[in-house]
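The values are calculated or read from the model by the stated rules, or taken from the named source; none is laboratory data. None of the values given here were measured: they were computed from a predicted structure. With ideal geometry, Cβ positions are generated from the backbone for all residues, glycine too; neighbour counts draw on all protein chains shown. All accessible areas refer to the heavy atoms of the entire protein, side chains included, with ligands and DNA or RNA removed. Shrake-Rupley method; radii C 1.70, N 1.55, O 1.52, S 1.80 Å.
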Amino acid sequence: PYDSLGNMVHLEQLLEHSGFDFKAAVQGKTILDLGCADGDFAFFLESLGARVVAVDHPRGNHNNLAGIRTLKQQLGSTVDVRTHDLDTGVEIGPDRFELTIALGLFYHLKNPILFLETLAKRTRFCLLSTRVMKHLPDNTKDFSGTAIAYFLTADELNGDNSNFWIFTRESLERVITRSHWRVLAYTTVGDTRASLPVTLEHDERAFVLMESTWGEIGLDTGE
């Protein structure tokens, strides 16, 4: 039910002044598409010349991955479709990736730090999007510069019990950094002035370009 490829508009905005060449990062490279849904983005990346591994969890997929598998057959695609629970970490095999696409899934994860840490071991770059907030419910103070997150109840946002964590910008960037990544570019869309964690009307989305720092001794831990 979601327009996955509509995110390209926001990714263009994110990457416009970043110096990151999206086409060069994709063409002829191995790319990971996490939370792939019906595979819109995966098939698009394949059309640009990428080898794509597409991953989703049948429990969270709207049609138990029948959509992406049917499209793969009809398109004669070679996209490698895999199933995995990302709350257990990104342990999907020995592959290494130039770029990972992780759009709209981060706030659905129970264990976002584990997700980012395990992902940092196997990919060079990541394009991530997630819902963020500036205000807490019933509070007019702007908390975007404070390292806090809002933990949702099972039915608090859109009646969807797969929603868990809504971060402020400061807390999101700390989670990213402490999970062995550096932020290369950051932008937000939607309600960028008065976003809340619990309503559809005040939805703000962050789009982030990140580079893995895994193996850069001392950068994240002081060791």
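Just for the chain, what percent of DSSP beta bridges are antiparallel, to the closest 5? The partial results should precede the final answer.
Details: 20 of 40 bridges.
Of those bridges, close to 50 percent are antiparallel.
The candidate values are [x] 10.2; [y] 14.4; [z] 12.3; the one derived from this structure for mean projected area of the Cα convex hull in nm² carries the label [z]. TRP181's amide H: which non-local residues (gap 5+, or another chain) put their own amide H closer than 5 Å, with H modeled 1.01 Å from N in plane and none for Pro or chain starts? For TRP181, whose amide H was placed from the backbone, the distant partners under 5 Å are THR213. Once the Cα atoms are used to define both axes, helix 169-178 deviates from the longest principal axis of the chain by about 50 degrees. Backbone amide hydrogens, once placed in the peptide plane, bring VAL52 within less than 5 Å of ILE31, ASP80, excluding anything fewer than 5 places away on its chain.
In degrees between 0 and 90, to the nearest 10, how far off the longest principal axis of the chain does helix 66-75 point, with axes built from Cα atoms? So the helix axis and the longest Cα principal axis differ by about 40 degrees.
Quick check: at a probe of 1.4 Å, how many percent of the accessible area of the chain sits on carbon and sulfur atoms?
C and S atoms contribute 49 percent here.
Between the alpha-carbon centers of the stretch 150-185 and the stretch 99-115, tell me the distance in whole angstrom. Between the Cα centres of the stretch 150-185 and the stretch 99-115 lies a distance of 9 Å.
Is the shape of the stretch 7-50 rounded, prolate or oblate, going by the alpha carbon gyration tensor and its root eigenvalues a ≥ b ≥ c, with a/c under 1.5 for rounded and a/b larger than b/c for prolate?
Verdict is oblate for the stretch 7-50.
Based on the alpha-carbon gyration tensor of the stretch 104-184 and its eigenvalue square roots a ≥ b ≥ c, which shape applies: rounded if a/c is under 1.5, prolate if not and a/b is larger than b/c, or oblate? The shape class here is oblate. A 1.4 Å probe run over the protein chains yields, for the stretch 66-223, 48 Å² of accessible area per residue, whole-number rounding.
Cβ neighbours within 10 Å, averaged per peptide: list 109-121, 60-72 in order, most packed at the top.
On the way: 109-121: 18.9, 60-72: 16.0.
For the peptides 109-121, 60-72, the packing ranking is 109-121, 60-72.
What pairs from LYS23/LYS72; LYS23/LYS121; LYS72/LYS110 go past 26 Å between their alpha carbons? Flagged as over cut-off: LYS72/LYS110.
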